[in-house]
Amino acid sequence: MPPFATAPQVLRTSAEMTAWSRAAHARGERIAFVPTMGALHAGHVALLEEGRRRGDQLVLSIFVNPTQFGPNEDLARYPRDLPGDLARAASAGTDIAFVPEPADVYPPGFQTTIEVRDLARGLDGLFRPGHFAGVATVVAKLFNIVQPDVSIFGQKDFQQLAIVRRLVVDLAMGIEIVGLPTVREPDGLAMSSRNAYLSPAERTRALSLSRALFAARDRAAAGERDAHAVVEGARAALEVDRVDYLELCDAATLTPLVQIDRPAVLLVAAFIGRTRLIDNVLIGA
Ligand code: PAF
């Protein structure tokens, strides 16, 4: 931690968080917000640094949201490290860490769900039923509690970012959504809290995701317009145990493409051992 970094103030309840935000707004301050599930890595720090540039006050939330995990997913073993997270948050100049309990976010009787229909249908929406309803609902709730002016998300969760952008427009939330490019390890692996699950041998195989995506992007840049050819080339380069999806989609609507004739994105979700990783690259038309 740089010597100038002071620890963020930790707020534990929605009531405290909203009261703090109202006071900041009353002072005319702009609030930047980075929602996370903790286990912060360099990708999160980049989001926080962008938030620091864009807001007078920088709020981070740390909440492992149970409703976005399926019954056989990794909720119980999801990495948790509050002291480490607070140190990283401090190094990025975070003012407030909002760390609520599930019972605060989902009080007794909670029964409202937000669904972003079309954007949540394919890709992860298909393989993780209910996941994006969980994400959209908790993000909307966190926005209501924190009342940010701007919120920063990573493009690694490309479908999530598209859904959050849609949600904010559809519900007239008036929050600026900023998407930042995926932060990668020097060897190309996309930063993810789930990388912590990988054994050294699995991590080596995980590199095949970014390698396959980059090769596909190069092939499209060299003039290949047939989406099937680009996807199958990428598939052949994957050294994974199971592919959930590998799809080349319209970057705006996330519908699959036959021809690469508009801005596109190639997205992958695959298992290496028990660990499910996602990654994507933008592919120009
Ligand atoms: O990207 C994440 O970490 C989560 O999906 C989010 C946006 C914090 C909602 O729980």
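Values quoted throughout were computed directly from the atomic coordinates according to the rules given, and no laboratory measurement underlies them. Keep in mind the model is a prediction, meaning the values are calculated, not measured. Backbone-built Cβ (ideal geometry, glycine too); neighbour counts: all protein chains shown.
The table below gives the values:
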read-out	value
Average Cα contact separation per residue, the chain, under 8 Å, 6 or more apart, as relative contact order %	17
Built amide H within the under 5 Å cut-off of TYR245, gap 5+	ALA269
Surrounding net charge for THR253, when Lys and Arg each add one and Asp and Glu each subtract one, Cβ distance under 13 Å	+2
Exposure proxy ranking, count of Cβ atoms within 10 Å, fewest first, for PHE110, PHE214, PHE98	PHE110, PHE214, PHE98
Unit charges on C-beta of K, R, D, E only; dipole of the chain, Debye	140
Size of electric dipole in region 193-279: Cβ of Lys, Arg +1 and of Asp, Glu -1, about Cα centre, debye, nearest 20	320
Per-residue HN-Hα couplings for region 224-229 [Karplus 6.51, -1.76, 1.60; θ = phi - 60°; Hz; x = Gly/Pro]	5, 10, 7, 4, 4, 4
Built amide H within the under 5 Å cut-off of PHE63, gap 5+	THR36, MET37, GLY38
Considering only the chain, percent of DSSP beta bridges that pair antiparallel, nearest 5	50
Only Lys, Arg (+1) and Asp, Glu (-1) charged, at Cβ; region 59-202 dipole about Cα centre in debye	220
C-alpha center-to-center spacing [region 45-110, region 215-285] in angstrom	30
Segment ALA26-ALA252, length gained on full extension (0.36 nm per residue, minus Cα span)	77.7 nm
Amide H partners (placed H, <5 Å) of LEU11, local residues excluded	ALA97, PHE98, VAL99
Mean Cα-pair separation over length for region 193-279, i.e. relative contact order, pairs under 8 Å, 6 or more apart, %	31
Two-decimal Rg to Rh for the chain - Kirkwood Rh, Cα set	0.97
Residue (of SER91, VAL135, ILE152) at the positive-pole extreme of region 91-157, dipole from beta-carbon charges	VAL135
In sequence order, calculated HN-Hα J values of region 158-166 (Karplus, 6.51, -1.76, 1.60; Hz; x Gly/Pro)	5, 5, 4, 4, 4, 5, 5, 4, 5
3J(HN,Hα) from dihedral phi, region 234-247, Karplus parametrisation 6.51/-1.76/1.60, rounded to Hz, x for glycine, proline	5, 4, 5, 8, 7, 10, 10, 8, 7, 9, 6, 8, 9, 9
